[in-house]
Structures are given as structure tokens and as C-alpha cells.
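*Asks:* Please find one structure pasted underneath; my questions will follow.
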Amino acid sequence: MHQKLFVDAPVVVLGDTQPSGVYVLRLHVQQPLVVACGRFKGGQPLLFPPGDYVYVGSALGVRGSSTLANRLLRHATRAADRPPQPLRATLVKHGDALGLGDNCALPLRPKKLFWHVDYVLNELTVELRQIFALRTTRPLEKTLAQFFEADPATFIVESGIGAQDHPGHTHLLRVQADEAWWAGLPAKLRHVITPA
């Protein structure tokens, strides 16, 4: 399993040549944020204190919108009335070199908010800072979410958020850690996803 890391862009790709995979997003909330995440908790607004967050997702399709490249592009895109996340330009520019394929050259299309994390990433005070893409055909999203839940540097914002298909867990967690924690994350992820 190899790793690609762009110095000028915070994108790490682990794995070989699969168009599918799982991924971890690093989000940064710049100021206190209160946002309803669709119908989650009956549309009740949730408080996200300033700081870093981690979101775990999967894109296990081999073509179309469910490929890893297209899912990452979607997360880096906001709704029609808002500019895309700055990291989107990096995905478009370097997607092929990162091994995500030329799908990253697809034109910008505004998205409809659907997943819980869409509502958070749509906010202008939330920055998508880093992407850790793990190319695999194995459904490891739940394993990775549980790995983060067990980490002492993470805290559950609201049980169940981002985890409609993983009852009793959450896929969006707050992280209180220094840059060394984030720098060590690729090695930890490699260890989690490598079969025993």
C-alpha cells in the first residue's frame, strides 16, 4: 500500500488503484456554529464549537457519483449560492496525479444538501482542511468510525450524526489535538485498514 502526499495541498491518498474507497475529512470550524443538519434530531440546530472535526465516509462505487473522486469533489462543493471549498481546486488540479483519476476534472455543479455533513460543510465559516483517501473495495467506514470514537483526542458532538446506517455510533467527531496528531494520522489509518 503506498501513500501520496502533496506538499502544496493537504491530500493524502493511501492504497493502490481502486476507484472506490473510504475517506476521512478534516474540517475546521472557525467560530461557534449552530446549524440544523437536515432532519437529524427533528431538525433541531446543533452547536459546533470552534476547532477541528473529523468525518468518516465511504464511496464504494466503481463509476459515477459513488466513486471516491466524485464523492470527495462533492464534499468540497457547496450549494448553488455559495463558493466551493478552497480544497476543491486542488482536487481538480491534482486529482489524476493523486491517483483519484480524471473524474476530478468534472465541472463544478452545485449540490443539494443530503448528508448530515453537507449542512456543516456548506457553512462559510467551515473549512475542509485535509482529506485522507483510502482506496479499497472493503467496507471499512464503520471500522474507521469506531477507531476515531475510541481515540482519547475525539469527542462526540451528537450521537448518531453522520451515521444513519451505523446505529449507536457517530461519524462526525470533534478533535482536540495538536498538529502532531494529524501528521501521525496516515500511519494510524494504514494500521487500521491493513488486514491482520
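Values quoted throughout were computed directly from the atomic coordinates according to the rules given, and no laboratory measurement underlies them. None of the values given here were measured: they were computed from a predicted structure.
*Asks:* Among all the lysines, which ones have a C-alpha under 25 Å from Lys188's C-alpha, if same-chain residues fewer than 8 places away are not counted?
*Replies:* Lys4, Lys142
*Asks:* Take the chain, connect every pair of alpha-carbon atoms lying under 10 Å apart with a spring to form a Gaussian network, then pick out the residue of Ala183, Ala79, Ala59 with the largest mean-square fluctuation.
*Replies:* It is Ala183.
*Asks:* Do you know the relative contact order of the stretch 2-193, to the nearest whole percent, from alpha carbon pairs under 8 angstrom that are 6+ apart? Spell out each step's value before the answer.
*Replies:* Values: 388 pairs, mean separation 54.1, N = 192.
Rounded, it is 28 percent for the stretch 2-193.
*Asks:* Top mean-square fluctuation among Asp151, Asp52, Asp16, Gaussian network model of the chain, C-alpha springs under 10 Å?
*Replies:* Asp151
*Asks:* Per DSSP H run of n ≥ 4, the term is -39500 (n - 2.57); total these for the chain, divide by its residue number, and report the mean residue ellipticity at 222 nm rounded to 500 deg cm²/dmol.
*Replies:* Result for the chain, helices only: -6000 deg cm²/dmol.
*Asks:* If amide hydrogens are placed 1.01 Å from N in the peptide plane, which non-local residues have theirs closer than 5 Å to the one on Leu46?
*Replies:* Counting only residues 5 or more places away or on other chains, the set is Val35, Ala36, Cys37.
*Asks:* Considering the chain as a Gaussian network with a 10 Å cut-off on Cα pairs, which listed residue, Arg78, Arg63, Arg129, attains the greatest mean-square fluctuation?
*Replies:* Answer for the Gaussian network model of the chain: Arg63.
*Asks:* I need the phi-derived Karplus couplings for the stretch 57-66: 6.51 cos²θ - 1.76 cosθ + 1.60, θ = phi - 60°, integer Hz, Gly and Pro marked x.
*Replies:* Per-residue couplings from phi come out as x, 9, 8, 9, x, 9, 7, x, 5, 9 Hz.
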